[in-house]
Amino acid sequence: TPIKGLVIDVATGPGTYGRRVAGDGRTVYGIDISQDMMSVGMEKVKREGISGMHFSRADVEALPFGEGVFAAGIASGCLHLFPDTLKALHEISRTLLPGAPLVVVTFAWGDRGILKYDWARQRIRARGRMTIFDIHTLPALLDQAGFDFFDPDARGGVLLFRARKR
């Protein structure tokens, strides 16, 4: 069943994914801390004639929305960058309706792609600026944040997964 209603696009940047979801009964609220990136997105929305895509400057750890507002969520290319993953996931979960899906694209350790090499792993760990997830520990993290479903699809170091708000 296609999702209808409000969708949150976390760390939307220029709205790369939100712009594709907006319309056909869906209104997307893209949030980001970077006003510059959202300005690019606003120009693209205007140029592409997209209706139903809105941008708001906000921190994922303190979303300016009430509880149970959104019918779905997108967090593409950002979860690994949040300083407190659990807090971010909990806050996203808070704004979702019960049963709402969350689609995430992030990074996970694996045996394919660049993340299979020790030198790459060491470099990422040394910099300490991003989290590379262990696909086996994510279900427990999601459970703590209020999600009850985990459907992963790992492609090398890239992980796409769906979760569902409990």
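The values are calculated or read from the model by the stated rules, or taken from the named source; none is laboratory data. All of these numbers come straight from a predicted model, not from anything done at the bench. Here Cβ is always computed from backbone atoms with ideal geometry, including for glycine, and neighbour counts include all displayed protein chains.
At-a-glance table
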item: Residue among Ala88, Ala75 that is touching a strand residue (DSSP E or B) at 6+ places or on another chain (Cβ under 7 Å) and among the small types (Gly, Ala, Ser); result: Ala75
item: Boolean, Leu115 is surrounded by 15 or more Cβ atoms within 10 Å (Cβ to Cβ), more than 29 Å from Thr27 (Cβ to Cβ) and either over 17 Å from the mean Cα position of the chain (by Cα) or at pLDDT 95 or above (or both); result: yes
item: Tabulated pairs, segment 26-38, first free of Cβ contacts under 8 Å to residues at least 60 places away in the same chain, second among the hydrophobic types (A, V, I, L, M, F, W, C) and in a loop (DSSP other than H, G, I, E, B), C-beta under 7 angstrom, 6+ apart or interchain; result: Arg26/Ile3; Val28/Ala22; Ile31/Ala58; Ile31/Leu63; Asp32/Ala11
item: Only one of Pro2, Pro64 that is under 25 Å from Gln144 (Cβ atoms) and loosely packed, with under 14 Cβ neighbours inside 10 Å; result: Pro64
item: In segment 119-157, residue surrounded by the fewest Cβ atoms within 10 Å (Cβ to Cβ) [restricted to those that are assigned to a loop (DSSP other than H, G, I, E, B) and at pLDDT below 80]; result: Gly128
item: So Gly99, is it at positive phi and not in a helix (DSSP H, G or I); result: yes
item: Any hit, segment 25-36, residues being under 17 Å from the mean Cα position of the chain (by Cα), within 24 Å of Gly99 (Cα to Cα), buried (at least 22 other Cβ atoms within 10 Å of the Cβ) and polar (S, T, N, Q); result: no
item: Pick from segment 18-60, criterion in contact with an Asp or Glu (Cβ under 6 Å, 6 or more places away or on another chain) and not hydrophobic (A, V, I, L, M, F, W, C), ranking: nearest to Leu86 (Cα to Cα); result: Gly30
